[in-house]
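Report on the following structure.
The values are calculated or read from the model by the stated rules, or taken from the named source; none is laboratory data. Everything numeric here is computed off the predicted structure, so don't read it as measured data. Heads up, the Cβs are rebuilt from the backbone with ideal geometry, glycines too, and the neighbour counts pull from every protein chain shown.
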Amino acid sequence: MTQNRAAGARTSVGKGLTPFGEKCREIRKEKGMLLIDMAHVAGVSPGFLSLVETGRKPIPDRLVPQIVVGLELSSRQESELRNAAALSSKEYRLQMHENSSPLDRRLAHALESGFAKMTPLKKQQLLNLLEEE
């Protein structure tokens, strides 16, 4: 069962793990590790890593790079872990440059203020538009 949130996704698969938690668990299984082992490599406590994996604590900026380096992940695994971390976020930020146009600023504001009110169909249409090549 999947539950979507306005800013980030969580799933109930695997003890309420976020996409990041699911990917960490998958990597641990592939490497024959326990949560305590991954926590040690990442430089955090097992309890903290568990809280991050279930979305009760935000993912620290340094955590993904420490896991990637510490476990010598392949570029594919690194990409998957980074994507899972992005999907697990509860907050997203758009950085505006000093010289951003008024149109850019209006669009960023409209997304921020109107996102929660958008229908799933409108969100899908916007996603399709943004993912066009």
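Evaluated against (1) closer than 13 Å to Leu81 by Cβ; (2) in contact (Cβ under 8 Å) with a residue 12 or more places away in the chain, Pro58 falls short on exactly one condition, (1).
Within the stretch 7-24, the set of residues being at pLDDT 95 or above and part of a helix (DSSP H, G or I) comprises Pro19, Phe20, Gly21, Glu22, Lys23, Cys24. Only helices (runs of 4 or more DSSP H) whose full extent lies in the stretch 48-133 are considered here, and the ones with at least 2 residues that are small (Gly, Ala, Ser) and either closer than 20 Å to Arg28 by Cβ or outside the structural domain of Thr18 (by TED's automatic domain parsing) (or both) are 75-88, 102-114.
Pairs meeting the criteria (first residue in the stretch 30-42 and assigned by TED's automatic domain parsing to the domain that holds Gly70, second residue of a type in the set (S, T, N, Q) and buried (at least 17 other Cβ atoms within 10 Å of the Cβ), beta carbons under 8 Å, at least 6 apart or on different chains) are Leu35/Ser50.
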